[in-house]
Amino acid sequence: MGAQIRVYRQKIASTTSMQKIFKAMELIAASRIGKARTRVAASLPYSNAITRAVSAVASQSEIDHPLTTEPEQIRRAAMVVMTSDRGLAGSYSASVLKQSESLVELLHEEGKEVKTYLVGRKAQAYYDFRDRESARVWTGNTDAPDFETAREIGRALLDDFNTDYEDGGVDEIHIVYTRFKSMVVQEPTVIRLLPLEVVEEEAQSETELLPLYEYEPEPEKVLDALLPRYIESRIFAAMLQAAASELAARQRAMKSAGDNASDLIKKYTRLRNNARQAEITQELSEIVAGADALSAS
């Protein structure tokens, strides 16, 4: 009986220690989510402005540009999967990976090859465990992304997009990431980045007209200059959305883990008290039985 009590005491101590860790991680995520949401909001004006500029050039000019024209045959597609570097964020990374698997299945059904680019150690571990190949991997700052990483990803994607299929190039580019809607809702999302599908973060009203631009030099050269920046801004916006979603998911997961730890502590405390009560009752019974035996003799 004494050994059982010691076991419960050890479980209470270890669970209490884990509860402190969960609480600390919850507070860290809560302190960082505000900054992450501010970065998401701060990125929207530039992203929307360059989106409007690209939309105007693409829609108001009769041009045939490889970045805005649908190819006759799409044989290979690039897929960028954005997960987290660290765990303890609930189903955040698992949801993104599940969405990417659905996209791969869809692309294969359409007869397309898939070339994968990974962002985050969770995606890298997922592919390494299954012995799957990936073209490039970026890790180290998924919860606090920087623009240099987005620029590097954008350059790698554009280089492959501008490369012939026979040399390992791709015909279209997709991004799989988690869109931040609120502290409670984060939605795994797929967007096609190239060929260009112009979609602003905040939808414009139907009556709003795009501005009229006079191009100097020609529209083709304007697109050549604008589109790389547009791609970088879209990738960086997706990374910021994913970072905010990761922190929100981690805060929620750590709060749930802390609540579960509290329930376990209460359960183990009750079991320990029951064991202690049973031990005392047994000792009293032995004392009474010994006294009765002595009196009887």
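When DSSP beta bridges are restricted to pairs lying wholly in the chain, around 35% turn out antiparallel.
Contact order, relative form, for segment 5-153: 20 percent (alpha carbon pairs under 8 Å, 6 or more residues apart, mean separation divided by residue count).
Accessible surface of HIS174 in the full protein assembly, 1.4 angstrom probe, to the nearest 10 Å²? That residue has around 20 Å² of solvent-accessible surface. Among the protein heavy atoms of segment 1-154, carbon and sulfur supply 51% of the accessible surface, probe 1.4 Å, non-protein parts ignored.
Highest mean first, how do 282-292, 31-41 rank when packing is the count of other Cβ atoms within 10 Å averaged over residues?
So the order, starting with the most tightly packed, is 31-41, 282-292.
Extension gain for ARG86 to ARG136 (0.36 nm times residue separation, less C-alpha to C-alpha distance): 16.1 nm.
Of the residues ASN162, VAL176, THR116, the one whose Cα sits farthest toward the positive end of the charge dipole of segment 106-188, with +1 on the Cβ of Lys and Arg and -1 on the Cβ of Asp and Glu, is VAL176. The charge dipole of the chain, taken about its Cα centre with unit charges on the Cβ atoms of Lys, Arg (+1), Asp and Glu (-1) only, comes to about 2720 debye. Consider a paramagnetic label point 7 Å from the Cα of ARG155 along Cα→Cβ; state which residues of segment 124-143 have an amide N under 20 Å from it. The answer is 135-142. Spin-label model, THR163/ALA296: points 7 Å from Cα along the beta carbon direction are separated by 9.2 nm.
Here LYS98 is the anchor, and the lysines within straight C-alpha reach of less than 20 Å, apart from those fewer than 8 places off in the same chain, are LYS112, LYS115, LYS122, LYS181. At R0 = 30 Å, how high is the FRET efficiency between ALA24 and GLU283 if r is their beta carbon distance? Nearest 0.05 is fine. It comes to 0.15. Kirkwood radius and radius of gyration were both taken over the C-alpha atoms of the chain, and their ratio Rg/Rh is 1.26. For THR163, the accessible area of its heavy atoms, probed at 1.4 Å with every protein chain present, is near 50 square angstrom.
Per residue, the chain reaches -22000 deg cm²/dmol at 222 nm when only DSSP H runs of four or more residues are counted, each adding -39500 (n - 2.57). Distance between the modelled labels on LYS266 and SER17, one decimal in nanometres: 2.5 nm (7 Å Cα→Cβ projection).
Report the extension gain between GLU187 and GLN4 in nm, rounded to one decimal, defined as 0.36 nm multiplied by the number of residues separating them, less their alpha carbon distance.
Extending this stretch completely gives an extra 61.3 nm.
Rolling a 1.4 Å probe across the protein heavy atoms gives the chain an accessible surface of 55 Å² per residue. For GLU148 and ARG75, the difference between the fully extended length at 0.36 nm per residue and the C-alpha to C-alpha distance is 23.3 nm. Over segment 79-195, the reciprocal of the mean inverse Cα-Cα separation, the Kirkwood hydrodynamic radius, stands at 14.8 Å.
Here PHE129 and GLU220 are evaluated by their C-beta separation; at R0 = 41 Å the FRET efficiency comes out at 0.35.
Shape descriptor for segment 7-158: Rg over Rh equals 1.09 (Cα atoms; Rh from the Kirkwood inverse mean 1/r).
The values are calculated or read from the model by the stated rules, or taken from the named source; none is laboratory data. In this text the structure is predicted, and so the values were computed from the model without any measurement. Every residue, glycine as well, gets a Cβ built from its backbone with ideal geometry; the counts of neighbours run over all protein chains shown. These accessible areas exclude ligands, DNA and RNA; they are computed on the full protein's heavy atoms, side chains included. Shrake-Rupley method; radii C 1.70, N 1.55, O 1.52, S 1.80 Å.
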